[in-house]
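First the structure, in the form of structure tokens, and then the observations on it.
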Amino acid sequence: MTIRIKRIYDMPSEGDGKRVLIDRIWTRGISKAIAQLDMWLKEVAPSTELRSWYVHSPKKQEEFRNLYEQELSPDSKIIYAVKLLKKMAVFKHPTVTATP
């Protein structure tokens with residue numbers, strides 16, 4: 001089982017396997033045809049509020065991780081989405097590429 005991380009702006013390739021978008025909002029400038037996604041798991045991505053607060057600040061990374069884990073914990077949709085990704089990677093497809 002291989003789970004790869006790849007930016008959505010990077011072109012799809014044969015080695016990607018199943019492609020899964022993990023983001024709450026659709027990425028600007030990328031059409032669904034170009035993205036070639038097999039699944040879009042909005043539930044697994046950090047909330048819009050958390051992303052806006054974080055703004056990719058290295059100083060906030062530890063706190064961001066803690067807050068993100070708190071967001072993931074209680075929601076059964078998120079647990080289902082994570083299980084689905086694991087099942088996809090283990091049983092159906094040797095490679096899964098997540099595009100955050």
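Where does the chain land at 222 nm, in deg cm²/dmol rounded to the nearest 500, when only DSSP H runs of n ≥ 4 count, each adding -39500 (n - 2.57), divided by all residues?
For the chain, the value works out to -10000 deg cm²/dmol.
Mind checking the angle between helix 61-72 and the chain's longest principal axis? C-alpha axes, 0 to 90 degrees, to the nearest 10.
On a 0 to 90 degree scale, this one is about 70.
Tabulate in residue order the Karplus-calculated ³J(HN,Hα) for the stretch 23-40, using 6.51 cos²θ - 1.76 cosθ + 1.60 with θ = phi - 60°, rounded to whole Hz; enter x for Gly and Pro.
Values per residue, Gly and Pro as x: 7, 6, 10, 6, 6, 5, x, 10, 7, 4, 5, 6, 5, 6, 8, 9, 7, 10 Hz.
Over 23 Å apart: what share of the alpha carbon pairs of the chain falls there, rounded to a whole percent? Intermediate values should be presented prior to the final figure.
Details: 1518 of 4950 pairs.
Taking all Cα-Cα pairs of the chain, the fraction more than 23 Å apart is 31 percent.
When the chain is fully extended, how far beyond the present Cα-Cα distance does GLU62 get from LEU84, taking 0.36 nm per residue of separation?
Full extension from GLU62 to LEU84 adds 5.2 nm.
Compare LEU50, LEU21, LEU85 in a GNM of the chain, Cα atoms joined below 10 Å, and give the one with the largest fluctuation.
It is LEU50.
Subtract the Cα-Cα distance of ILE5 and ARG28 from 0.36 nm times their separation in residues, and report this length gain in nm to one decimal.
6.4 nm
By how many degrees, 0 to 90 and rounded to 10, does the Cα axis of helix 76-87 deviate from the longest principal axis of the chain?
With both axes taken from Cα atoms, the answer is about 40 degrees.
Values quoted throughout were computed directly from the atomic coordinates according to the rules given, and no laboratory measurement underlies them. Computed from a predicted structure; not experimentally measured.
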